[in-house]
Structures are given as structure tokens and as C-alpha cells.
Amino acid sequence: MAAAAPRVGTEALQKGIAELYDESSGIWEDIWGDHMHHGFYDPDVQSSISDHRNAQIRMIEETLRFGGVSEDPVKRPMTIVDVGCGIGGSSRYLARKYGAKCQGITLSPVQAQRAHSLALDCGLADRVSFQVADALNQPFPDEQFDLVWSMESGEHMPDKTKFVSELARVAAPGASIIIVTWCHRDLSPGEDSLLPEEKDLLNKICDAYYLPTWCSTADYVNLLQSHSLQDIKTADWSEYVAPFWPAVIRSALTWKGLTSLLRSGWKTIKGALAMPWMIEGYQKNLIKFAIITCRKPELIG
């Protein structure tokens, strides 16, 4: 896979990810609410500040629509895993929508505890649960879930092969697997790697957000095909998330945002300073906001 080089070892990387989200999740929730992911916007409509949280809900709904997840009472998912669950926004939303049981995993103890508290507050503690666990070694038996959901967690995975293998392992026969993640652009025919200046930009982002090697959407497709997964579909949603990072920057530059950042710690401040690089990456068509969906084959006989 052509990508920016890994910057740190896996153990140090996971420690950094956990500490980043331990430190920053409270600030994010205070300003942006339950959902720690991009919003989905109409590129032809000027978005208002009040619309950004709605756009995050639209992201979930558009993802489910693209993935063909059924709302039929007989076919809808009843067991869901939320891989990289944050403070549980997707888990609670999906549990309510489908009447399903959802289990979320995160590297951040602070996120897991906050997700549990929010589930108690909204009366969903009997249907959603959260734990600190590694997505590359999930604490679940094989073929456990009707829907395997990864909303913007794949970019943190140091071993994309193992990541996809675990998603496929815990998926029940016939289950949908949905990956929404940051990728770098697909390589053109004849290209062996990204350009040096592209690698440099990605490496700066890696350092700020504790990201390992990037991969392309095509790399994910190859990994899914290696597990004989079916109905593989992809799309580049970069144009639909374009307003997101400028909006995050604007929220950080408010008095509330600035004072929260200064109280939070260096990892969060470093992440905030890297946000213009994310915008640059999108504008240069280097960073792609990708959705990749597929289905595990049904059992025969």
C-alpha cells in the first residue's frame, strides 16, 4: 500500500490515541454534541452554524442508505458493533432507530465512561454497552453482529489488514459491514507511491492526530475482496463534508472554543493547529472522505 510512513510504534500510537481522546472528547461534546465525526452537507447550500449537528445525523442516515441497511422489521439489524465508538453517539442512534442491541469499543477510558453515562441518562443502558478494547483484537466471538459499523475509526488503525479481518470475523453471515474513513487518493496507473510533498503533508497530519499509515479506497477494496465479501461499494464523499473542517476551525476560534482549548492540554491544541492541513489535503484532492460498504456471504445449505 502506498502511504505516508508510520511515525510511531503500535503501542505508543494506541497510547497517544487514547490520551488524545481522553483529553479532547469533553471539549468536542460541549461544542459539537454526541457525534465525533464529519457532517454530511448539501454542497449547493450555505450551511448555518445550527445545521452542523444536524449534518452529523445526516451523515449517519446517508451512510445507512448507501449501505442498504434495511428498516424492515424482519431484516433490520438487531445486533450492532460500533468500532471506535467515541462517546457512543452512533451506538445510541442506531439502537433507537432499529430497536437493536449495540456494543461499542474505544481505546479511550474517558470516552467509554462518558458513553455509559449518556446511555444511562437517555434510558438506553439495557441496549447499549461500551468497553475499552482494541479494534484489531475485538473481544467478541465470531459471527456476532448483524451490522458492523466503523465511523471514522479506520484512519487510526496501524494494521489495515488486521482491521478488515476483525470486521469480517465478527460479522454474522449476511451482515452489512460499513467503513467510513479518511483515505488518501487512489494512485494513478504507473504510480508506485504518493508524491513526496503529499507524503510530507500526510506525515504532519499523522503527527498531530496519532495516525499510522494511510491507505487508499482501492486498498480497502482489495482487503475486502481477500475475505470474499460481497456487494462491495465505494464512494468519495469529500464534496459533501467540505464545510466541516472550516466549521470546526470557526468553533475553535470562539471565546468558548479558545478557553476550552487552553484548558485541555497540548495534544488537543496540537490537533487544533493541524486542522488547516486537513483542509489543504481535501483541497488538493489528496485526502478523500471515503465510504466503503459490503456484505458477508450468507451460509449455504
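A short reminder: the numbers here are calculations on the coordinates, not readings from a lab. All of these numbers come straight from a predicted model, not from anything done at the bench. Quick reminder, even Gly has a Cβ in these numbers, built from the backbone with ideal geometry, and neighbours come from all protein chains shown.
Annotations
- Using only alpha carbons, segment 64-206 has a radius of gyration to Kirkwood radius ratio (Rg to Rh) of 1.03.
- Greater than 18 Å apart at Cα, pairs in Lys233/Lys284; Lys75/Lys97; Lys199/Lys284: Lys233/Lys284
- Working note: 222 nm ellipticity from helices only, DSSP H runs with n ≥ 4, each -39,500 (n - 2.57), summed and divided by the residues of the chain, gives -14000 deg cm²/dmol to the nearest 500.
- Averaging Cα coordinates gives a centre for segment 162-190 and one for segment 71-117; these two points are 19 Å apart.
- Percent antiparallel among DSSP beta bridges (both partners in the chain, rounded to 5): 40 percent
- The phi torsions of segment 83-96, fed into the Karplus equation with coefficients 6.51, -1.76 and 1.60 and a -60° offset, translate into couplings of 8, x, 7, x, 9, x, x, 5, 4, 5, 5, 5, 4, 5 Hz, rounded to whole numbers, with Gly and Pro shown as x.
- Put a dot 7 Å past the Cα of Ser165, heading toward its Cβ, do the same for Gln113, and the two dots end up 3.4 nm apart.
- Estimated FRET transfer efficiency (Glu71, Asp186; beta-carbon r; R0 41 Å; 0.05): 0.80
- Neighbour count of at most 11 Cβ within 10 Å plus DSSP loop: longest GluC sites (Glu not before Pro)-free window in the chain: 72-190
- Applied to segment 102-119, the Karplus parametrisation 6.51 cos²θ - 1.76 cosθ + 1.60 on θ = phi - 60° returns per-residue 3J(HN,Hα) values of 10, 10, x, 10, 8, 7, 9, x, 5, 5, 4, 5, 5, 4, 4, 4, 5, 5 Hz, with x for Gly and Pro.
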